[in-house]
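Here the structure comes first, spelled out in structure tokens, and everything after it is commentary.
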Amino acid sequence: MLQRLYRGLTDLGGPAIRLLLARRLAAGKEDPDRQQERLGIAGLPRPEGRLVWCHAASVGESLSILTLVEHLLALRPGISVLVTTGTVTSARLMAQRLPAGAFHQYVPVDRLRWVRRFLDHWRPDMALWVESEIWPNMLTELRRRSVPTALVNARMSARSFEGWRRLPGFIGPLLASFRLCLAQGEAEAERLRALGATDVRVLGNLKYSAPPLPARAEALEGARAAVADRPLWLFASSHPGEEAIAADVHARVAARHPGLLTVLAPRHPARGGEIAAMLAERGLGVARRSQGALPARNDAVWLADTMGEMGLFYRLSPVACVGGSFVWGGHNPVEPAQLGCAILYGPRMTNFAAMAAELEAERAALPVADAAALAAAVDRLLNDPAERARLSAGATRVAERNARVIDRVMEALAPLLAEAGVAAP
């Protein structure tokens, strides 16, 4: 009943959906050159041979599957991998990072006419969805076409679980569309089973197997020369409200560390202008990476408002705070762990609860409660290279211990890959 209602509403809602897309376009949240892809109109021809479709909602999910994409392409000659996402930021990253044989398209809005247009063109032999995307029309259509479909690195938060459990007749059949669900942890697995998913397994978080974020050698050399011997810390992937926290920390710590440089990398670089204005109002000198600037001696903040350069900033920073952890659910702490940072984060790491717990059990990360506690931790770590080294070594151990998650994922997917004709039986 609910499935039919959803389908009817999305069918009738075409004009409203187009209006929403137009508003998103005006706000810079849609790609003006590729908006037809959101209507299921392909921007590229389908390559010959077998095609695996991987769908990842946004930046974090798409980066987590790069290793998976490489393993799929290595299965046999002639395989292609289509990667879809829904955000402009993730599309730009995929343009930089996808290997030969893989390509990006925007995922269509979940309206049946557009979904069928998308599937008619691409004719995927297999579909792999990442983390927590549940699109009813698309999943139903994949099942109707008998496309082997799996949910990898599956995540189901407690909040989402409470919402979905009120609609068991709706969510149960949708989750049953996935022939296999590979959950990040036991908590997620239990929630998925309770909602109706079948063949749920816990193999670990695929983000552990992602390669370290890259950095261009010449950019790294230039940045190191610019920061020279200045004390430095990084606030990575910040959300609205957290830039003010970073500024507060700088004000608290700068007097004890002359020449302190705060590197501030917003999750959405398009916010760079408003962040720079806020910092200037506080009397902080700002160099903006998006304008090609390196920090001068009198700059207090280097605003890292560019895409695809987090590997550069993590490599520069002995101390890194993971953003999103004060106002949202946190971001991936494995990225700084792979690059030798001493890791800090706020009290809200629900999106990466299992990772955070493992890091803390290894004494490889420091959770902090608020801006004052963050300032105290940054101050202490900048003063104590031995503690920085201990945290960094612990984080490296955790990352290395879990790095082969990809092997377990590929082994679990092997029967479906063989059924799809992508790999030998």
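Every number in this text was worked out from the coordinates using simple rules, so none of it is lab data. As the structure is a prediction and not an experimental result, all values here were calculated from the model. As a convention, Cβ positions derive from the backbone with ideal geometry for all residues, glycine included, and neighbour counts pool all protein chains shown.
Data for the structure
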{"item": "Residue-by-residue Karplus 3J(HN,Hα) for segment 416-422, coefficients 6.51, -1.76, 1.60, Hz, glycine and proline x", "result": "5, 4, 5, 4, 7, x, 8"}
{"item": "5 angstrom amide H check on residue 238, placed H, neighbours 5+ away", "result": "265, 267"}
{"item": "By average C-beta atoms within 10 angstrom, highest first, the peptides 350-362, 272-284, 148-160", "result": "148-160, 350-362, 272-284"}
{"item": "Karplus-derived HN-Hα couplings along segment 48-60 (A = 6.51, B = -1.76, C = 1.60, θ = phi - 60°), whole Hz, x at Gly and Pro", "result": "5, x, 6, 9, 9, 9, 10, 10, 10, 4, 8, 4, x"}
{"item": "Long-range HN-HN contacts of residue 232 with modeled amide H, under 5 Å", "result": "261"}
{"item": "Residue 198 versus residue 120: modelled label distance in nm, points set 7 Å from Cα along the beta carbon direction", "result": "3.0 nm"}
{"item": "Degrees between helix 217-227 axis and first principal axis of the chain (Cα, 0 to 90, nearest 10)", "result": "30 degrees"}
{"item": "Charged-residue dipole, Cβ positions (Lys, Arg, Asp, Glu), the chain about Cα centre, Debye nearest 20", "result": "940 debye"}
{"item": "Placed amide H near residue 423: partners under 5 Å, 5+ positions off or other chain", "result": "418"}
{"item": "Burial order of peptide ranges 164-174, 6-16 (average beta-carbon count within 10 Å, highest first)", "result": "164-174, 6-16"}
{"item": "FRET efficiency estimate (nearest 0.05) - Cβ-Cβ, residue 256 to residue 357, R0 56 angstrom", "result": "0.95"}
{"item": "Scattering profile of the chain at q = 0.08, 0.09, 0.14 Å⁻¹ [log10 I(q)/I(0), Debye over alpha-carbon scatterers]", "result": "-0.47, -0.59, -1.31"}
{"item": "Table column - 3J(HN,Hα) (Hz), segment 325-335, Karplus curve with 6.51, -1.76, 1.60, x for Gly and Pro", "result": "8, 9, 10, 9, x, x, 10, 5, x, 5, 4"}
{"item": "Degrees separating the helix 14-26 axis from the principal Cα axis of the chain, which is the longest one", "result": "20 degrees"}
{"item": "Efficiency of FRET between residue 145 and residue 224 - r from beta-carbon atoms, R0 41 angstrom, step 0.05", "result": "0.20"}
{"item": "Between 0 and 90°, nearest 10: helix 385-401 axis offset from the chain longest Cα axis", "result": "10 degrees"}
{"item": "Separation of alpha-carbon centers, segment 1-64 and segment 380-425, rounded to whole Å", "result": "31 Å"}
